[in-house]
Structures are given as C-alpha cells and as structure tokens.
1. Please go through segment 70-79 and give me each residue that is open to solvent by 50 Å² or more (accessible area, probe 1.4 Å) and in contact (Cβ under 8 Å) with a residue 40 or more places away in the chain, ordered by number.
2. Would you check which residues across segment 84-95 are assigned to a loop (DSSP other than H, G, I, E, B) and modelled with pLDDT of 95 or more and list them?
3. What is the residue count in segment 80-104 for residues that are surrounded by 12 or more Cβ atoms within 10 Å (Cβ to Cβ) and of a type in the set (S, T, N, Q)?
4. Restricting attention to segment 26-41, report how many residues are over 15 Å from residue 74 (Cα atoms) and either under 10 Å from the mean Cα position of the chain (by Cα) or among the hydrophobic types (A, V, I, L, M, F, W, C) (or both).
5. Those residues that are without any contact (Cβ under 8 Å) to a residue 40 or more places away in the chain and either closer than 12 Å to residue 101 by Cβ or surrounded by 21 or more Cβ atoms within 10 Å (Cβ to Cβ) (or both), I need them from segment 46-67; list them, please.
6. Restricting the search to segment 9-25, which residues are among the hydrophobic types (A, V, I, L, M, F, W, C), within 16 Å of residue 66 (Cβ to Cβ) and under 12 Å from the mean Cα position of the chain (by Cα)?
7. Only one of (1) open to solvent by 20 Å² or more (accessible area, probe 1.4 Å); (2) out of contact with any Pro (no Cβ under 8 Å at 6 or more places or on another chain) fails for residue 9. Which number is that?
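The values are calculated or read from the model by the stated rules, or taken from the named source; none is laboratory data. This is a predicted model, so every value here is computed, not measured. Neighbour counts are summed over all protein chains in view; Cβ atoms, including those assigned to glycine, are modelled from backbone coordinates with ideal geometry. Side chains included, ligands, DNA and RNA excluded: accessible areas come from the protein's heavy atoms. Shrake-Rupley method; radii C 1.70, N 1.55, O 1.52, S 1.80 Å.
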Amino acid sequence: MVAGNRVQRIEARERNPKWRPPAVRIEMSECINCDACLRHCPPQFGAIFNHGIDVIVIPELCSGCGKCLPACPVDCIYDDPQPAATPEDWWELPMSQEDPYVRV
C-alpha cells in the first residue's frame, strides 16, 4: 500500500514513493526560529514541527513542495535527498496536541 495521505504516512512512517522532489531539512545553526516555514507547510503534508528549541522536518511527511522555502527569511532550508533515519521521539509530534496541522 502506498502511504498516500498524511495519516497513512504517519502510520507507515514512510514517504510517498511517487514524490520526486527531495524532502527538505532546516539548518538549525542558521535558523532564527521564526516559524515561518511551519506556517507555510501545507497541512496535507504537515512535516515541520517545533521540537524543543529546534525546528525540524520529518522527511517522510515532506513532499518537497517547496512552499516553506520562500517563507524563510534567512534561507536556512535545504534539499535533503538522502535524509537520516527520523529519530523515534520526532514521531511523537504528528497527531499529538503539539501537531499544528491537526484541526481541533
């Protein structure tokens, strides 16, 4: 089964294999924590989160659409064609109370 919608991607912890653009990553040494990227990430992907003092991208949820790129005032978002394994504690954020993409 292809992880098509966000809930399926969260459950499967896999990126939709049909997505061609690479996921993105945020370089925290350059980030000013303005959350503009988070506000511009489309909710159907919902890949960017606040994690402590960091802003993170869960690559399995990132379509590579690039909506976050022009929103970043310091250009600290980069393509991540081969992301590292997503840390287990990052998976606690999607669908939790900390998930800014879930409508209550």
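1. Restricting attention to segment 70-79, the residues satisfying the condition of being open to solvent by 50 Å² or more (accessible area, probe 1.4 Å) are 70, 73-75, 78-79.
Scanning segment 70-79 gives 73, 74, 75, 78, 79.
2. Correct list: 86, 87, 93, 94, 95.
3. 1
4. 1
5. Step one: list which residues in segment 46-67 are without any contact (Cβ under 8 Å) to a residue 40 or more places away in the chain, which gives 47-48, 52-58, 67.
Once the filter is applied, which keeps residues that are without any contact (Cβ under 8 Å) to a residue 40 or more places away in the chain and either closer than 12 Å to residue 101 by Cβ or surrounded by 21 or more Cβ atoms within 10 Å (Cβ to Cβ) (or both), segment 46-67 yields 47, 48, 55, 57, 58.
6. So the first thing to find is which residues in segment 9-25 are among the hydrophobic types (A, V, I, L, M, F, W, C), and the list is 10, 12, 19, 23-24.
Remaining after also requiring within 16 Å of residue 66 (Cβ to Cβ): 19, 23-24.
Selection gives 23, 24.
7. Every listed condition holds for residue 9 apart from (1).
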